[in-house]
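What follows is a single structure, written as structure tokens, with notes after it.
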Amino acid sequence: MGYQVDQFPEQVIEVCRLRIKGMACTSCSESVERALLMANGVKKAVVGLALEEAKIHFDPNLTDANHLIEAVEDAGFEADLISSGDDVNKVHLRVEGLQSSEDAILIQSSLKALEGVNHVQMDEEGQKITISYDPDFTGPRSLLRCIQEAARNPNQYRVSLYTPSRQRETERQHEIRGYRNQFLWSCLFSFPVFIFSMVLPMIPSYGDWLDGKVYNNLTIGLLLRWIFCTPVQFIIGWRFYIGTYHALRQVSANMDVLVAMGTNAAYFYSVYVAIKAFTSSSFEGQDFFETSAMLISFILLGKYLEVVAKGKTSDALAKLTELAPDTAVLLNFDADGKVISEMEISTQLLQRNDVIKIVPGAKVPTDGIVVEGQSRVNESMITGEARAISKRPGDKVIGGTVNEYGCILVKATHVGSDTALSQIVQLVEAAQLSRAPVQRLADKISRIFVPTVVVAAFITWLGWFITGEVHLYPRSWIPKDMDGFELALQFGISVLVVACPCALGLATPTAVMVATGKGASQGVLIKGGNALENAHKVKAVIFDKTGTLTVGKPAVVNTMVFSNTPLLELCDLAAAAEANSEHPLAKAIVEYTKKLHEQYGIHTNHIVESRDFEVHPGAGVSAKVGDRTVLVGNKRLMLAFQVPVSPEVQAYVSDTEHLARTCVLVAVDGVLCGAFAVSDPLKPEAGRVVSFLSSMSILSIMVTGDNQATATAIANEVGISRVYAETDPVGKADRIKELQMKGLTVAMVGDGINDSPALAAADVGMAIGAGTNIAIEAADVVLMKSNLEDVVTAIDLSKKTLSRIRLNYVWALGYNILGMPVAAGVLFPFTRIRLPPWLAGACMAASSLSVVCSSLLLQSYKKPLQVEHSQKPEDSSNKV
């Protein structure tokens with residue numbers, strides 16, 4: 001047709017995480033972020049100051065992890081690779097018996113030829129090998145077998161697992177030791193300076209020797225202070241010079257710039273005084289060597305205490321990662337399915353479909369399904385739910401939980417990074433890395449803060465110097481052994497030092513880290529700072545009905561036949577049509593049919609296959625079963641397919657709905673043949689949760705695809721006044737948009753695929769943990785326990801966190817707002833109170849420490865609503 005056609009290349013985006021070392025404040029994290037975003041091929045980069053990590057989305061055709069690390073190092077910071085997109089599932093092996101480089105090449109080529117192996121990294125000297133693999137195709141034991149089979153001689157290679165040291169913990173301990181050692185060395189030199197300048201001169205009988213002259217007016221005390229201060233300024237304080245150089249290279253300013261300017265001003269003026277005293281017999285001046293040395297010591301003490309406290313903010317995450325046991329008991333079966341052996345292996349060697357034995361008191365090593373035995377499992381460490389949960393064949397178990405009573409056999413369904421525990425850890429890490437909108441305020445302030453402080457310090461020095469020179473204040477204001485220039489210089493240095501933006505940068509991320517970790521330990525997974533911030537503004541909560549307000553395990557409690565079709569045949573047709581549906585009502589009909597088979601003495605659970613299966617959102621399903629067209633759903637579905645609904649059926653539907661039951665109609669070949677009355681009991685905590693939300697001035701609304709009568713009956717039972725019934729998934733999202741148009745911040749609580757559009761549309765989407773994966777992915781908050789009380793917990797935790805962040809800003813800005821005028825000498829004319837630079841440094845360190853400690857107080861968070869769990873409702877599904 002005359003048009004030019006080019007193939008549009010598929011763009012592949014990979015993700016990698018880097019650990020960043022050397023970031024001190026928000027300006028540092030912004031510098032790293034800018035450097036990464038400027039790198040070729042980078043699509044998105046997020047740098048977390050508190051977590052000291054960067055998450056980068058990049059095009060692998062244009063760049064790779066090594067180039068990204070170079071970009072960070074060019075910005076003046078150290079970077080290490082934590083993980084890249086293809087190495088989520090990794091196994092670390094030690095291979096003994098390598099005799100030459102040919103052995104290493106042979107092993108590498110054998111592994112790379114294995115299906116499912118993504119990447120092989122070999123360390124010949126350490127005889128270690130790291131393999132990234134896809135658990136759908138292979139597993140750790142298959143990799144071990146592959147290495148052993150690659151050997152030229154039997155038993156040539158001895159392969160074993162090895163666990164690399166926990167890098168984050170190791171580096172944190174190294175950082176703590178580094179700051180502690182620097183502080184101690186600094187004290188070793190600063191303490192004598194402090195004694196020589198502030199203590200001994202006050203004791204004439206002990207300090208007179210310090211006034212002894214070395215040459216001209218250079219005293220012994222001044223010379224000693226110079227000697228002891230110099231290593232502190234240039235060796236121990238070298239890190240501040242490096243930080244300043246890299247910050248100025250990036251045309252930005254951070255804490256290092258302020259500290260370097262303040263200490264250099266004090267030190268080099270003191271050197272000027274010393275040289276002047278050395279060359280003149282009449283010159284007298286006051287040195288500030290103690291200011292420089294003590295200022296660096298206090299800043300290092302503050303950083304040491306800060307890194308110790310920051311380590312505690314991720315304690316909850318560390319505890320989660322340690323839940324899984326180290327070993328598991330693997331069973332081997334013969335061709336007839338009988339156990340022939342059992343062996344204890346490392347949990348890291350488990351593969352999908354392995355059957356493992358779990359004895360009473362042992363931890364469940366990985367996610368799986370119970371295939372034999374019964375027990376009760378304590379899942380409190382994952383879900384926060386205090387009671388033990390009954391487990392029978394077919395029930396799911398979660399890795400890291402504790403088997404309390406019976407012995408059970410479990411078939412592994414998820415291993416490695418695919419387990420629920422790993423997914424929780426990844427979600428919490430992602431949440432801690434994300435930047436809450438409230439942090440934008442800190443980012444904006446810090447951007448202009450340092451230049452403003454430098455200008456303010458210069459104006460302070462200039463103001464005091466000029467007023468002193470023109471004698472606008474009396475000479476008696478100037479302390480003994482000091483002149484007007486020196487007094488002005490001390491005021492200027494104090495302003496520089498007291499107004500450091502470190503605490504401002506830590507105010508939000510530390511609180512978000514503690515809150516998300518605490519939420520995870522309570523069974524509430526918050527996916528990021530955005531969700532955490534929005535939740536406190538929620539004014540309306542929309543609840544789905546089935547599986548959210550109700551238990552989600554509906555049971556058929558009554559049936560009615562409107563034709564000559566036998567009940568069993570009708571049930572078989574309905575179950576065949578519903579077998580492919582994930583809806584709880586569909587599962588209830590399938591379960592009821594199986595129980596009916598048992599009653600009739602038919603010992604087969606085989607369900608007739610259907611074809612042309614189609615879901616009609618908010619209405620029901622349709623399918624071909626054999627040569628018959630079967631419709632299963634509500635009255636709307638029947639009317640859509642022009643199936644006549646007689647007055648008798650209308651009456652039965654009306655009576656059923658007024659009993660708060662759902663009526664499911666079944667039509668075969670255009671004729672309405674029967675109906676199921678399905679009851680889904682309310683969750684015991686539903687009424688109390690709605691009442692508690694009301695006390696928080698939050699409106700509760702129910703939106704459901706169910707009929708109006710059933711929905712109203714359920715709503716009345718829990719105390720919800722606004723109900724939107726017979727609403728399809730798109731309609732649910734539209735209802736949310738209507739409320740948002742009225743200025744309300746809306747939370748949606750749901751569990752099914754049909755809730756995912758609404759969960760995505762809401763300001764805060766909350767997915768029930770027992771719901772579908774699609775719903776969980778669409779949500780901002782995951783309620784692991786499937787308990788409605790956690791809706792209140794999520795909102796309340798958000799309020800407490802935002803309140804804590806505001807308090808952190810008060811701590812961070814309070815020091816600066818109160819400290820800067822005092823440091824600038826505002827009180828000096830009236831009270832003679834001034835803030836020496838070393839004391840200003842102590843205040844700056846205290847501000848950062850107070851912010852981190854304030855965030856750590858969130859660790860003591862308690863749920864506002866604790867609901868006792870009632871017994872499960874009696875099974876009444878046999879009533880026909």
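The values are calculated or read from the model by the stated rules, or taken from the named source; none is laboratory data. What you are looking at is a predicted structure, and each value in this text was computed from that prediction instead of being measured. In this analysis, Cβ positions are derived from the backbone assuming ideal geometry, glycine residues included, and neighbour counts consider all displayed protein chains. For the accessible areas, the whole protein counts, side chains as well, though only heavy atoms, and no ligand, DNA or RNA atoms are used. Shrake-Rupley method; radii C 1.70, N 1.55, O 1.52, S 1.80 Å.
Would you be able to say whether some residue in the stretch 688-710 is open to solvent by 60 Å² or more (accessible area, probe 1.4 Å) and more than 44 Å from the chain's Cα centre (by Cα)? No, the conditions are met nowhere in the stretch 688-710. Being in a loop (DSSP other than H, G, I, E, B) and open to solvent by less than 10 Å² (accessible area, probe 1.4 Å) is a description that applies to Ile720. Number of residues in the stretch 602-651 that are in a helix (DSSP H, G or I) and farther than 22 Å from Ala715 by Cβ: the value is 9. Do the conditions hold for Leu223, that is, is it modelled with pLDDT of 90 or more and assigned to a helix (DSSP H, G or I)? So Leu223 fits the description; yes. Within the stretch 190-220, being out of contact with any Gly (no Cβ under 7 Å at 6 or more places or on another chain), in a helix (DSSP H, G or I) and either among the basic types (Lys, Arg) or surrounded by 21 or more Cβ atoms within 10 Å (Cβ to Cβ) (or both) holds for Ser190, Val193, Ser197.
You will find that of Leu51, Leu81, the residue that is in contact with a helix residue (DSSP H, G or I) (Cβ under 6 Å, 6 or more places away or on another chain), assigned to a loop (DSSP other than H, G, I, E, B) and in contact (Cβ under 8 Å) with a residue 24 or more places away in the chain is Leu51 and no other.
In the condition set (1) modelled with pLDDT under 85; (2) under 28 Å from Trp461 (Cβ atoms); (3) crowded, with 24+ Cβ neighbours inside 10 Å; (4) not acidic (Asp, Glu), Ile817 is compliant with all but (3).
Here's a check for you: in the stretch 711-758, which residue that is of a type in the set (D, E, K, R) and under 21 Å from Leu788 (Cβ atoms) is nearest to the chain's Cα centre (by Cα)? For the stretch 711-758, the residue satisfying everything is Asp751. Is it fair to say Glu578 is of a type outside the set (A, V, I, L, M, F, W, C) and surrounded by fewer than 21 Cβ atoms within 10 Å (Cβ to Cβ)? No; evaluated as a whole, the condition is false for this residue. Taken over the stretch 54-70, the criterion of being assigned to a helix (DSSP H, G or I) and either surrounded by fewer than 22 Cβ atoms within 10 Å (Cβ to Cβ) or β-branched (Val, Ile, Thr) (or both) is satisfied by Ala65, Asn66, His67, Ile69, Glu70. State whether one or more residues within the stretch 119-126 are buried (at least 18 other Cβ atoms within 10 Å of the Cβ) and either out of contact with any helix residue (DSSP H, G or I) (no Cβ under 7 Å at 6 or more places or on another chain) or not aliphatic (A, V, I, L, M) (or both). Scanning the stretch 119-126, I find no residue that is buried (at least 18 other Cβ atoms within 10 Å of the Cβ) and either out of contact with any helix residue (DSSP H, G or I) (no Cβ under 7 Å at 6 or more places or on another chain) or not aliphatic (A, V, I, L, M) (or both), so the answer is no.
The number of residues in the stretch 788-814 that are open to solvent by less than 10 Å² (accessible area, probe 1.4 Å), assigned to a helix (DSSP H, G or I) and closer than 30 Å to Ser691 by Cα comes to 12. Residue by residue through the stretch 348-377, note down the ones that are open to solvent by less than 30 Å² (accessible area, probe 1.4 Å) and without any contact (Cβ under 8 Å) to a residue 40 or more places away in the chain. Matches in the stretch 348-377: Gly373, Ser375, Val377.
Taken over the stretch 490-522, the criterion of being surrounded by fewer than 24 Cβ atoms within 10 Å (Cβ to Cβ) and under 30 Å from Ala715 (Cβ atoms) is satisfied by Gln522 alone.
Note on the stretch 734-761: residues that are open to solvent by less than 10 Å² (accessible area, probe 1.4 Å), touching a helix residue (DSSP H, G or I) at 6+ places or on another chain (Cβ under 9 Å) and of a type outside the set (Asp, Glu) amount to 9. If you check Ala667, Ala675, Ala660 for being of a type in the set (A, V, I, L, M, F, W, C), assigned to a loop (DSSP other than H, G, I, E, B) and closer than 22 Å to Asn558 by Cα, only one passes: Ala660. Entry remark, the stretch 586-612: residues being aliphatic (A, V, I, L, M), touching a helix residue (DSSP H, G or I) at 6+ places or on another chain (Cβ under 7 Å) and open to solvent by less than 30 Å² (accessible area, probe 1.4 Å) number 4 in total. Of all residues in the stretch 24-32, none are assigned to a helix (DSSP H, G or I), more than 30 Å from Leu849 (Cβ to Cβ) and modelled with pLDDT of 85 or more.
Checking the stated criteria, Leu487 turns out to be without any contact (Cβ under 8 Å) to a residue 40 or more places away in the chain, under 28 Å from Ala265 (Cβ atoms), open to solvent by less than 10 Å² (accessible area, probe 1.4 Å) and in a helix (DSSP H, G or I).
Within the stretch 264-274, the presence of a residue that is in a helix (DSSP H, G or I), touching a helix residue (DSSP H, G or I) at 6+ places or on another chain (Cβ under 9 Å) and more than 24 Å from Phe485 (Cβ to Cβ) is excluded. Being within 21 Å of Ala266 (Cα to Cα) and either open to solvent by 80 Å² or more (accessible area, probe 1.4 Å) or in a helix (DSSP H, G or I) (or both), is that true of even one residue in the stretch 159-166? Looking for residues that are within 21 Å of Ala266 (Cα to Cα) and either open to solvent by 80 Å² or more (accessible area, probe 1.4 Å) or in a helix (DSSP H, G or I) (or both), one finds none in the stretch 159-166, hence no.
When the stretch 85-96 is examined, which residues are found to be open to solvent by 20 Å² or more (accessible area, probe 1.4 Å), modelled with pLDDT of 75 or more and not basic (Lys, Arg)? Across the stretch 85-96, the qualifying residues are His92, Glu96.
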